[in-house]
Amino acid sequence: MESAADQDNRHVLHPWADLSALGTHKPLVVREAKGVHVVDDRGRTYLDAIGGMWCVTVGYGREELVEAMRTQALKMPYYTPFGDVSSEPAAELGARLADLSPGDLNRVHFTTCGSTAVESAVRIAHFFYAAQGRPQKKHVLSRVDAYHGSTYLAASLSGKAADRTTFHYEDAWVHHLESPVYDPDVADESASRRLAGIIGRMEEAVAAIGAENIACFIAEPVMASGGVLVPPPGYHRAALEVCRRNDILYISDEVVCGFGRLGHFFSSADRFGIVPDIIVTAKGLTSGYQPLGAVLVAEGIVDTMAAAADRSKPVFSNGFTYSGHPVACAAALANIRVMVQDDICGHVREVGPRFIDRLRGLRAHPLVSAVRGDHLMACVECRVPGEADGPTARNQALAQRVDHYCEEGGLLVRPFENLCILSPPLVISAEEIDRIAAVTADALDRAERDLRAAGTG
């Protein structure tokens with residue numbers, strides 16, 4: 001009988017697959033999971049230091065979520081969400097998200113994932129201005145190094161150079177401002193000077209494009225897939241002020257940073273002191289147990305859309321077959337109950353500093369050029385001694401070697417370019433955090449010995 005790995009090689013086209021190795025690279029086949037660990041088809045156990053893909057908040061195997069999904073599937077697995085049709089789980093989840101969100105973000109538009117939520121958020125901004133007779137106000141400001149998804153518009157908003165391949169992207173009205181990263185360990189200027197420069201150049205871009213043409217600005221509180229890039233203090237407040245002065249909607253992409261990753265259900269207000277016009281969430285919304293995304297919109301925006309909509313074209317023609325899927329919403333509600341019951345956000349605030357502190361201890365390693373992070377999201381940047389910083393071929397090969405040794409040590413990290421990205425389940429313990437740091441340190445030591453043996457270290 002053909003193994004799962006062989007079947008996968010023959011038939012599955014993976015997201016972000018290396019097509020030069022199509023059909024030749026045997027995948028890691030994950031068979032089961034519990035808590036913060038996963039088990040492959042050979043019976044090997046790994047500490048999952050990437051939380052699936054930033055998703056897992058309450059850990060694997062939570063019976064409360066599984067039972068909620070089962071109960072809803074037996075009661076009513078699916079019905080259309082279009083028009084005036086709803087379900088009890090979708091209605092209840094909408095109300096719960098409104099309770100958890102900051103300000104007056106009380107309207108919820110359900111989607112299927114983060115990409116479709118981002119796409120929907122921008123379309124809401126477009127509808128908002130077009131309904132008021134300003135259809136030219138459609139340009140979108142994003143940032144270099146941002147990641148917002150892989151649907152057409154979401155991919156166009158993304159600013160990671162490595163993700164731009166031979167697909168087509170929207171370039172006429174999508175603009176990428178500079179990456180706002182500020183790392184005090186390696187910076188050659190103060191945080192205040194860096195902030196002033198970033199915001200000054202943002203204002204210049206707004207003036208050049210014309211505020212009358214710009215619908216929205218979209219920003220991750222911390223740029224996740226771009227390399228866990230943390231902005232200088234005060235950045236989001238200053239960017240929001242620019243948006244307010246120029247009648248530009250502020251979209252906070254909390255697909256990764258929301259639902260506890262930074263110690264709060266939503267980090268925009270509690271962590272960064274802003275109330276945006278729109279918040280996008282997904283991933284941790286269901287702890288990865290079901291695919292679901294949501295767009296939280298300020299009540300005034302939706303009221304304006306309704307009041308100003310062209311009476312001949314009043315329909316908000318955006319949504320998906322599985323928007324507000326009852327089983328997915330039941331999973332999200334159970335996930336929220338568990339997070340509140342177990343005080344997951346409080347736990348993250350308690351262990352998050354330890355996680356960052358233990359990883360920052362790796363900065364002294366000769367193969368590490370930087371360590372960045374915030375609570376339970378972090379990045380270890382690898383560099384061959386004497387090599388320039390960044391994703392050079394040698395640095396990327398080094399990071400892949402470190403990733404391989406981490407896997408041999410029973411630890412799964414996410415390799416990207418010359419980075420090792422970590423985002424463990426939010427139920428991670430202090431002892432498991434120490435293990436992540438120890439295995440990563442050992443992997444770096446093994447990679448260093450390889451370089452010395454090859455005469456390149």
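Data table
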read-out	value
Region 133-148 - residue that is in contact with a Ser or Thr (Cβ under 7 Å, 6 or more places away or on another chain) and in contact (Cβ under 8 Å) with a residue 40 or more places away in the chain and, of those, nearest to GLU212 (Cα to Cα)	ARG143
Long-range neighbours under 7 Å by Cβ, at least six apart or interchain, first residue hydroxyl-bearing (Ser, Thr, Tyr) within region 163-192, second part of a loop (DSSP other than H, G, I, E, B)	SER179/VAL144; SER179/ASP145; TYR182/VAL230; TYR182/PRO231; TYR182/PRO232
VAL340, sole failed condition from (1) in a helix (DSSP H, G or I); (2) of a type in the set (Val, Ile, Thr); (3) in contact (Cβ under 8 Å) with a residue 40 or more places away in the chain	(3)
Residues within region 307-331 that are of a type outside the set (A, V, I, L, M, F, W, C), in contact (Cβ under 8 Å) with a residue 40 or more places away in the chain and part of a loop (DSSP other than H, G, I, E, B), tallied	8
Test result for ASN335, within 25 Å of the chain's Cα centre (by Cα), more than 27 Å from LEU65 (Cα to Cα) and assigned by TED's automatic domain parsing to the domain that holds HIS264	no
Selection from region 415-445 of residues that are more than 24 Å from GLU350 (Cβ to Cβ) and touching a Gly at 6+ places or on another chain (Cβ under 9 Å)	PHE416, GLU417, ASN418, LEU419, ASP442, ALA443
The listed residue being surrounded by fewer than 24 Cβ atoms within 10 Å (Cβ to Cβ) and either closer than 19 Å to SER158 by Cβ or without any contact (Cβ under 8 Å) to a residue 40 or more places away in the chain (or both), out of GLY273, GLY263, GLY258	GLY273
Among the candidates ASP185, ASP163, residue that is surrounded by fewer than 19 Cβ atoms within 10 Å (Cβ to Cβ), touching a Lys or Arg at 6+ places or on another chain (Cβ under 9 Å) and more than 24 Å from ARG245 (Cα to Cα)	ASP185
Filter pass, ARG383 being under 19 Å from the mean Cα position of the chain (by Cα) and either within 20 Å of ASP183 (Cα to Cα) or surrounded by fewer than 23 Cβ atoms within 10 Å (Cβ to Cβ) (or both)	no
Residue list for region 202-232, restricted to those being closer than 24 Å to ALA155 by Cβ and of a type in the set (D, E, K, R)	GLU220
Enumerated strands (runs of 3 or more DSSP E) restricted to region 370-455, each holding at least 1 residues that are small (Gly, Ala, Ser)	377-382
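The values are calculated or read from the model by the stated rules, or taken from the named source; none is laboratory data. Note that the coordinates shown come from a computational prediction; the quantities given were computed from them, not determined experimentally. All Cβ positions, even for glycine, are placed from backbone atoms using ideal geometry, and neighbour counts span all protein chains on display.
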